[in-house]
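A short write-up of the structure that comes next.
The values are calculated or read from the model by the stated rules, or taken from the named source; none is laboratory data. On a predicted model such as this, the values are computed, not experimentally measured, just so you know. Here the Cβ positions follow ideal geometry from the backbone for every residue, glycine too, while neighbour counts run over all protein chains shown.
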Amino acid sequence: MSFQAEQYTIKREPFYRSVANEVELFDAAYSARMPVMLKGPTGCGKSRFVEYMAYRLGRPLITVACNEDMTASDLVGRFLLDKDGTKWQDGPLTMAARMGAICYLDEVVEARQDTTVVIHPLTDHRRQLPLDKKGEMVEAHPDFQIVISYNPGYQSLMKDLKQSTKQRFAALDFDYPEAATETDIVARETGVDTKTAEKLVQIAHRARNLKGHGLDEGISTRLLVYAGQLIVKGVNPLAACSMTLVRPLTDDPDMRDTLDAAVNTFFG
């Protein structure tokens with residue numbers, strides 16, 4: 001493995017609890033070098049899953065946090081000026097294709113559609129990436145795989161993926177784990193006792209029932225971990241939950257009161 005690939009290799013196993021057969025399915029998809037799309041709500045473990053699978057497969061992982069200002073050049077590369085003139089700098093997608101890494105495009109629908117089409121030649125039988133500005137055709141390394149993720153429930157129709165992009169990927173659906181599994185995750189990730197973790201998960205379940213009824217999103221597993229981390233640091237549970245489970249979700253006074261009441265039910 002090259003020094004560059006070594007930089008992107010995950011050295012320690014990330015903690016991930018399988019909730020169904022997603023590990024086996026991803027293993028099979030990778031063995032076929034099949035592009036994979038992960039769909040699910042924010043903070044439910046999609047990014048952690050990709051890290052875990054990259055570690056399990058022993059492959060470097062290059063992650064790109066997509067945004068609406070991202071251009072095709074941000075993905076594939078560009079010419080840069082230096083003291084000796086101009087020099088080509090590979091973008092993360094090109095780098096991953098050359099070294100045989102897993103390239104993870106997180107929240108891919110945030111990128112402009114004219115940007116995401118650059119991945120198309122890498123996601124079919126060609127497995128190529130044309131660098132038009134450089135006049136080069138990059139043949140993807142045999143170990144290269146592309147993975148994308150997004151939250152379909154959060155996006156507007158204007159920001160959904162094109163069918164021409166969707167149908168280049170196999171897809172795995174993600175959701176928040178069952179209560180017992182989520183309790184175990186929160187306890188393991190934070191060090192809080194099981195009883196406290198159970199209370200946090202119950203608060204999350206109440207908030208998730210409000211999705212579409214005043215909340216755009218429910219409380220994510222990630223936020224539960226934040227709450228547990230503060231509690232372990234000695235922060236009062238009410239204050240910790242207010243800071244991590246209520247205030248980030250909404251600015252609506254009535255909805256905050258509703259969530260605060262749920263927190264008080266368990267920690268008051």
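Please work out if Asp90 is among the acidic types (Asp, Glu), in contact with a Leu (Cβ under 9 Å, 6 or more places away or on another chain) and in contact (Cβ under 8 Å) with a residue 60 or more places away in the chain. Considered against the rule, which asks whether it is among the acidic types (Asp, Glu), in contact with a Leu (Cβ under 9 Å, 6 or more places away or on another chain) and in contact (Cβ under 8 Å) with a residue 60 or more places away in the chain, Asp90 comes out as no. The requirement of being free of Cβ contacts under 8 Å to residues at least 24 places away in the same chain and out of contact with any Gly (no Cβ under 8 Å at 6 or more places or on another chain) is fulfilled somewhere in region 29-52, by at least one residue.
Output the residues belonging to region 80-97 that are within 28 Å of Pro35 (Cβ to Cβ) and of a type in the set (A, V, I, L, M, F, W, C). Spell out how you get there, then give the answer.
Step one: list which residues in region 80-97 are within 28 Å of Pro35 (Cβ to Cβ), which gives 88-97.
Correct list: Trp88, Leu93, Met95, Ala96, Ala97.
Scan region 54-87 for residues that are touching a residue at least 60 places away in the same chain (Cβ under 8 Å) and under 18 Å from Val138 (Cα atoms) and jot them down.
Ser73
One residue stands out in region 52-88 among those that are in contact with a Pro (Cβ under 8 Å, 6 or more places away or on another chain) and among the aromatic types (Phe, Trp, Tyr): the one that is nearest to Asp160 (Cα to Cα), namely Tyr52.
The rows are residues; the columns are (1) touching a Lys or Arg at 6+ places or on another chain (Cβ under 6 Å); (2) surrounded by 15 or more Cβ atoms within 10 Å (Cβ to Cβ); (3) within 20 Å of Met37 (Cβ to Cβ).
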site: Met99; (1), (2), (3): no, yes, no
site: Leu105; (1), (2), (3): no, yes, yes
site: Val109; (1), (2), (3): yes, yes, yes
site: Arg112; (1), (2), (3): no, yes, yes
site: Val118; (1), (2), (3): no, yes, yes
site: Leu122; (1), (2), (3): no, yes, yes
site: Lys133; (1), (2), (3): no, no, no
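Would you check if Ala140 is touching a His at 6+ places or on another chain (Cβ under 7 Å), crowded, with 19+ Cβ neighbours inside 10 Å and either free of Cβ contacts under 8 Å to residues at least 60 places away in the same chain or among the basic types (Lys, Arg) (or both)? Spelling it out, it is not the case that Ala140 is touching a His at 6+ places or on another chain (Cβ under 7 Å), crowded, with 19+ Cβ neighbours inside 10 Å and either free of Cβ contacts under 8 Å to residues at least 60 places away in the same chain or among the basic types (Lys, Arg) (or both). When you check Phe15 against the structure, is it in contact with a strand residue (DSSP E or B) (Cβ under 6 Å, 6 or more places away or on another chain) and loosely packed, with under 15 Cβ neighbours inside 10 Å, yes or no? Judged against the criteria, Phe15 is not a match.
Looking across Arg56, Arg17, one residue alone is of a type in the set (D, E, K, R), within 30 Å of Thr183 (Cα to Cα) and at pLDDT below 95. It is Arg17.
Exactly one residue among Thr250, Thr181 is touching a strand residue (DSSP E or B) at 6+ places or on another chain (Cβ under 7 Å), surrounded by fewer than 20 Cβ atoms within 10 Å (Cβ to Cβ) and polar (S, T, N, Q), and that residue is Thr250. Output the residues belonging to region 104-132 that are under 21 Å from Ala5 (Cα atoms) and either part of a helix (DSSP H, G or I) or not assigned by TED's automatic domain parsing to the domain that holds Gly45 (or both). Within region 104-132, Ile119, Leu122 qualify.
The rows are residues; the columns are (1) of a type outside the set (A, V, I, L, M); (2) within 23 Å of Arg188 (Cβ to Cβ).
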{"position": "Asn21", "(1), (2)": "yes, yes"}
{"position": "Phe26", "(1), (2)": "yes, yes"}
{"position": "Ser31", "(1), (2)": "yes, no"}
{"position": "Lys39", "(1), (2)": "yes, no"}
{"position": "Ser47", "(1), (2)": "yes, yes"}
{"position": "Tyr52", "(1), (2)": "yes, yes"}
{"position": "Ile62", "(1), (2)": "no, no"}
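Taken over region 41-52, the criterion of being touching a helix residue (DSSP H, G or I) at 6+ places or on another chain (Cβ under 8 Å) and either in the same structural domain as Leu245 (by TED's automatic domain parsing) or closer than 15 Å to Leu105 by Cβ (or both) is satisfied by Phe49 alone.
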